[in-house]
1. I'd like to check something: does the stretch 6-19 contain any residue that is away from ligand 1 (no atom under 16 Å from the Cβ), open to solvent by less than 60 Å² (accessible area, probe 1.4 Å), closer than 23 Å to PHE143 by Cβ and in contact with a strand residue (DSSP E or B) (Cβ under 8 Å, 6 or more places away or on another chain)?
2. All but one of (1) away from ligand 2 (no atom under 16 Å from the Cβ); (2) farther than 16 Å from ASN26 by Cα hold for ALA127, so report the exception by its number.
3. Residue check: is ALA29 closer than 21 Å to GLY130 by Cα and open to solvent by less than 10 Å² (accessible area, probe 1.4 Å)?
4. For the stretch 100-152, which positions are open to solvent by 70 Å² or more (accessible area, probe 1.4 Å) and either hydroxyl-bearing (Ser, Thr, Tyr) or within 16 Å of ligand 1 (Cβ to nearest atom) (or both)?
5. Among what's in the stretch 40-83 and is over 15 Å from GLY14 (Cβ atoms) and of a type in the set (Asp, Glu), pick the residue that is surrounded by the most Cβ atoms within 10 Å (Cβ to Cβ).
6. In the stretch 38-60, what count of residues is obtained for those that are touching a Cys at 6+ places or on another chain (Cβ under 8 Å) and over 21 Å from ALA106 (Cβ atoms)?
Amino acid sequence: MSATDIRSGGCLCGAVRFTATLPGANFGACHCPMCRRWTGSALLGMSVPTDQIDWTGDAHIATRQTSGWAMRAWCRECGSGLYFRVTAPGPYAHLTELPIGLLDDASGLQMTNEIYIDQKPDSFAYAGAGRNVMTRADCIAKFAVLGSEGEG
Ligand SMILES: [Zn+2]
Ligand SMILES: [Zn+2]
């Protein structure tokens, strides 16, 4: 991984595109009920500094405040989920959770976190070991700083 891993990506229909400078190779999976519904499975996302993502097609981006502390965005043309972002002030305010499935080339990345593991449907599991795993209770404790009492 070089210090400047710049990757392109976009939505299903191509109306929204971006170029992002990835901060590293690590990404996480979130199994919370909101991410499950939003993605139809789990959110596989990388925390990227918001100012390191250059979007094109902004007019096609729809957003919704999905909790008191976070928002989600999608392409209003094709429905692809584009990002999850904490809107509350604090340690996560400068980050955007970018689904790695949007990348044109998602190779070479590593799933290092898996959260809301106790909310995961029992019908599937990701391969590999050694990930940092957190339960819903762990997450609520960690993200209490955001005023969170649950999913965002
Ligand atoms: Zn689209
Ligand atoms: Zn989630």
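1. Looking for residues that are away from ligand 1 (no atom under 16 Å from the Cβ), open to solvent by less than 60 Å² (accessible area, probe 1.4 Å), closer than 23 Å to PHE143 by Cβ and in contact with a strand residue (DSSP E or B) (Cβ under 8 Å, 6 or more places away or on another chain), one finds none in the stretch 6-19, hence no.
2. Failing condition for ALA127: (2).
3. yes
4. GLY101, ASP104, SER123, listed by residue number.
5. Top of the filtered list is ASP54.
6. Final tally of qualifying residues: 1.
The values are calculated or read from the model by the stated rules, or taken from the named source; none is laboratory data. For clarity, every value in this text was computed on a predicted model and none was experimentally measured. When we count neighbours, we look across all protein chains shown, and the Cβ atoms used for this are built from the backbone with ideal geometry, even at glycine. Side chains are part of the model used for accessible areas, which takes the heavy atoms of the whole protein and leaves out ligands, DNA and RNA. Shrake-Rupley method; radii C 1.70, N 1.55, O 1.52, S 1.80 Å.
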